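> First the structure, which I've put down as structure tokens, then a few questions once you've had a look.
Each reported figure results from applying straightforward, stated rules to the coordinates on display, with no laboratory input. Just so we're clear, the structure is a prediction, and the values are computed from it rather than from any experiment. Methodologically, a virtual Cβ is constructed for each residue, glycine included, from the backbone with ideal geometry; neighbour enumeration extends over all protein chains shown.
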Amino acid sequence: MSEPDTRGRRVVLWMYASAVAVSGLFGYVLGIIVYGDGGGPAGPLVEGSGAAYGSVGPVTFQLNPVNLGLFGVVSVGTLLGVGLLAIVYASERADA
Amino acid sequence: MASSSLVLTVLMGVLLVAVAASLARLEDWRSYTPLSDVGGALGERTEHGHEEKPGGLVRWFTTVDHKDIGILYGVYGAIAFVWGGLAVLLMRIELAAPATNVIGPSLYNGLMTSHGITMLFLFGTPMIAAFGNYFIPLLIGADDMAFPRINAIAFWLLPPGALLVWSGFLLPGVATAQTSWTMYTPLSIQMSSPAIDMMLLGLHLTGVSATMGAVNFIATIFTERGDDVGWPSLDIFSWTMLTQSGLILFAFPLLGSALVMLLLDRNFGTTFFTVAGGDPILWQHLFWFFGHPEVYILVLPPMGLVSLILPKFSGRKLFGFKFVVYSTLAIGVLSFGVWAHHMFTTGIDPRLRASFMAVSLAIAIPSAVKVFNWITTMWNGKLRLTAPMLFCIGFVQNFIIGGVTGIFLAAIPVDLILHDTYYVVGHFHFIVYGAIGFALFAGTYYWFPMVTGRMYQKRFAHAHFWLGLVGSNLTFLAMLWLGYGGMPRRYATYLPQFATAHQIATAGAFLIAISTLLWVWNMVVSWKEGAKVDTADPWDLEETGQLTNDWEWYEQQRDTPVPATDGGEPDDGQSAD
């Protein structure tokens with residue numbers, strides 16, 4: 001069965017991009033489901049009346065759909081990005 | 001009552017003897033078993049047999065040919081997959097709305113139990129055995145499995161096993177087993193339905209079957225390799241099957257023992273797992289000492305399939321082959337040291353919990369090594385996006401999501417919050433369907449031309465992949481949302497705020513069902529009517545120097561006139577085609 005060749009890099013970069021995009025979408029919908037649209041006490045699982053906050057190291061942010069979406073993009077983008085850089089490095093060394 | 005039981009037992013005995021006698025009269029099976037040349041158990045060679053496989057159904061009931069048994073395993077696995085799939089579709093229909101609408105909680109619990117056990121024991125393990133049986137002897141240059149008759153016995157233990165496991169649905173008036181696949185005590189002791197006893201016996205049969213199969217694979221790979229197949233040149237799929245068989249050898253007998261203890265508790269008044277006098281947590285220890293290795297029993301060979309198939313369509317050899325083998329062995333060893341991460345919330349000693357958390361996190365390392373090697377293989381490769389390759393890529397993508405969500409569960413503080421929620425269900429479904437299922441589909445498409453001599457329909461295969469990928473991500477991502485939202489697993493009803501995510505999951509499940517229908521249709525129709533392959537190398541593997549022993553065997557089959565039999569002599573003028 002003849003199939004046209006596709007460059008592996010292209011497919012891997014698409015995989016990376018789609019993983020990061022899905023993480024952003026996942027975070028956004030998670031924000032809606034858990035904390036409600038505005039990050040206020042509208043979500044089904046919000047405890048108390050005020051907005052909820054989370055933190056990663058020194059960075060504190062309100063738990064709302066947009067921020068959680070951003071968190072998904074940045075965290076997954078960074079983690080998988082480091083892995084991808086390692087793959088690029090190993091490939092260049094091995095195939096040189 | 002007692003006399004009717006006695007009559008039934010006698011009748012069953014007479015029936016079994018009659019079946020054995022009729023089979024013996026119909027066919028001299030000894031004549032076409034590979035051991036016939038040395039006379040078999042009786043020490044003499046039969047004189048009046050014929051050296052061909054019998055025709056019709058008798059062939060399939062009496063075969064000891066590894067390829068036939070592989071196909072039997074495959075058909076059996078596909079039937080179980082349909083049963084388990086229909087069960088979960090009914091459950092997902094019920095979950096489309098919060099209240100009880102279509103099926104009651106009892107039936108829901110029965111379907112849930114059946115879905116879990118069917119997919120793991122009756123679909124997953126046998127489907128892997130299908131690939132192992134058909135292709136391991138071809139890949140390592142063996143004539144057959146080391147013990148062909150044990151191979152046949154191992155398979156034929158499975159159909160009665162399935163009937164026993166499903167007995168609650170098949171016997172009128174008997175309540176279904178509703179213990180979930182984990183069969184936690186004391187619930188599984190206290191529920192009175194005889195369907196539970198039959199399910200335990202059925203599971204025992206499947207365990208015996210898996211153990212016999214494992215012994216066979218180990219013996220075959222150790223002793224039956226061809227002259228040109230040394231350990232360094234052993235293919236990656238055989239390595240994973242060897243490791244998996246080792247795991248089965250240690251895990252399944254323990255499950256068998258625990259099942260017998262549970263049967264004794266249920267029927268003979270012992271107190272191994274009872275609240276008064278025994279310890280329900282002991283069941284969890286025994287069950288998960290089997291149960292977690294079972295996860296790797298299910299995932300290692302599919303990883304082997306991906307490691308074998310993905311390089312074929314990347315135009316280059318697997319990157320870091322040795323490290324993929326080492327990581328397989330490392331996962332095999334570590335898999336026996338993680339079982340208590342399923343029990344973080346049971347109140348076990350916190351020091352124990354910490355050690356199990358450490359090992360559970362550590363097992364991510366060899367898993368990541370594999371992902372690293374698969375993607376590095378692709379990075380500088382020229383990919384051909386055929387159906388098997390698409391499913392391999394889908395495997396990698398889904399395995400990353402399933403693996404990363406699992407790392408969080410390995411951390412005690414996170415697990416204490418997410419334990420028994422839909423998050424866990426979403427996590428392991430990404431692995432069992434999104435990864436394991438995808439790899440098995442990749443295998444069916446990759447070897448379809450070799451098994452059938454025909455090509456599958458490409459358009460259906462690609463539609464199968466895309467619908468399966470979108471469907472699985474919709475379903476299982478929605479489950480992760482539900483888990484974060486606090487939705488507990490194993491319930492037929494739920495609070496209204498969970499409705500949207502459940503509806504997304506139900507829609508995704510239907511996409512998966514449609515994609516599976518396309519697969520079944522494609523396999524059946526293409527087997528009958530697909531275009532005949534006109535070459536022994538339909539994937540052009542020779543171009544990149546990746547023609548493995550199995551394809552060389554196929555080429556020989558096509559070129560050499562042979563009778564359609566094992567043990568027969570080449571017959572002039574008769575072609576395999």
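> I'd like to know how region A:8-95 sits against the 2.2 N^0.38 Å rule of thumb: what's its Cα Rg over that expected value? Walk me through the intermediate numbers first.
Values: Rg = 16.8 Å, N = 88, 2.2 N^0.38 = 12.1 Å.
So region A:8-95 has a normalised radius of gyration of 1.39.
> Now for a different question. Once you average over the residues of B:264-277, how many Cβ atoms of partner chains fall within 10 Å of each Cβ?
Numbers: counts 0, 0, 0, 0, 0, 0, 0, 0, 0, 0, 0, 0, 0, 0.
So the per-residue partner count for this stretch is 0.
> I've got another one for you. Quick one: putting +1 on the C-beta of Lys and Arg, -1 on the C-beta of Asp and Glu, what dipole do you get for region B:296-424 around its Cα centre, in Debye to the nearest 20?
Working: 9 positive and 3 negative charges, 153 e Å.
In total the dipole reaches around 740 debye.
> Hey, if you put +1 on the Cβ of every Lys and Arg and -1 on every Asp and Glu Cβ in the protein assembly as shown, which of B:A87, A:I33, B:H115 ends up farthest toward the positive end of that dipole?
After comparing all options, I get A:I33.
> Now, a different point. Hey, what number do you get for chain B at 222 nm if only DSSP H runs of n ≥ 4 count, each worth -39500 (n - 2.57), divided across all residues, to the nearest 500?
Working: 22 runs with 375 residues, N = 577.
The helix contribution divided over chain B gives -22000 deg cm²/dmol.
> Among B:137-150, B:98-111, B:238-251, B:4-17, what's the highest-first ranking by average C-beta atoms within 10 angstrom per residue? Write down the numbers at each step before the final one.
Values: B:137-150: 20.4, B:98-111: 15.9, B:238-251: 23.7, B:4-17: 9.8.
Answer by packing, highest mean first, reads B:238-251, B:137-150, B:98-111, B:4-17.
> Also, quick follow-up: Among the lysines, select those whose C-alpha is under 19 Å from the C-alpha of B:K67, and discard any that sit fewer than 8 residues away in the same chain.
B:K53, B:K528
> In addition: Explain nothing, just the number: dipole magnitude of chain B about its Cα centre with +1 on each Lys and Arg Cβ and -1 on each Asp and Glu Cβ, in debye rounded to the nearest 20. Could the numbers behind the result be given before it?
Working: 27 positive and 38 negative charges, 426 e Å.
Magnitude of the dipole: close to 2040 debye.
> First check a/c for chain B, with a ≥ b ≥ c the square roots of the eigenvalues of its C-alpha gyration tensor; if it is under 1.5, answer rounded, and if not, answer prolate when a/b is larger than b/c or oblate otherwise. Spell out each step's value before the answer.
Details: a/c = 1.62, a/b = 1.20, b/c = 1.35.
It is oblate, given that a/c is not under 1.5 and a/b is not larger than b/c.
> Taking the alpha carbon gyration tensor of region B:60-312, what are the square roots of 5 times its eigenvalues, largest first, to the nearest whole Å? Write out the running numbers ahead of the final one.
Working: eigenvalues 237, 85, 54 Å².
Three semi-axes, in Å: 34, 21, 16.
> If amide H atoms are built 1.01 Å from N in the plane of the peptide, which residues on other chains or at least 5 residues away come under 5 Å of the amide H of A:R7?
B:L383
> Checking the a/c ratio against 1.5 first, then a/b against b/c, what shape does the Cα gyration tensor give for the protein assembly as shown? Intermediate results must be reported in sequence, preceding the final value.
Details: a/c = 1.85, a/b = 1.22, b/c = 1.52.
Cα axes put the protein assembly as shown in the oblate bin.
> Can you give the mean number of other chain Cβ atoms that lie within 10 Å of the Cβ atoms in peptide A:64-76?
0
> Moving on. Quantify how strongly other chains surround peptide B:379-389 by giving the mean number of their Cβ atoms within 10 Å of each of its Cβ atoms.
On the way: counts 14, 10, 8, 5, 10, 6, 5, 3, 2, 0, 3.
Taking the mean over all residues of the peptide, I get 6.
> Continuing with the same structure: For region B:251-350, state which trypsin sites (Lys or Arg not before Pro) are in a DSSP loop and have at most 14 other beta carbons lying within 10 Å of their beta carbon. Intermediate results must be reported in sequence, preceding the final value.
Numbers: sites: B:R266, B:K312, B:R316, B:K317, B:K322; in loops: B:R316, B:K317.
Taking region B:251-350 and a limit of 14 other Cβ atoms within 10 Å, the loop trypsin sites (Lys or Arg not before Pro) found are B:K317.
> Taking GluC sites (Glu not before Pro) as exposed when DSSP calls them loop (any state but H, G, I, E, B) and at most 10 other Cβ atoms lie within 10 Å, what is the longest stretch of chain B free of them, the sites themselves excluded?
Numbers: sites that count: B:E44, B:E47.
No qualifying site falls inside B:48-577, the longest such stretch.
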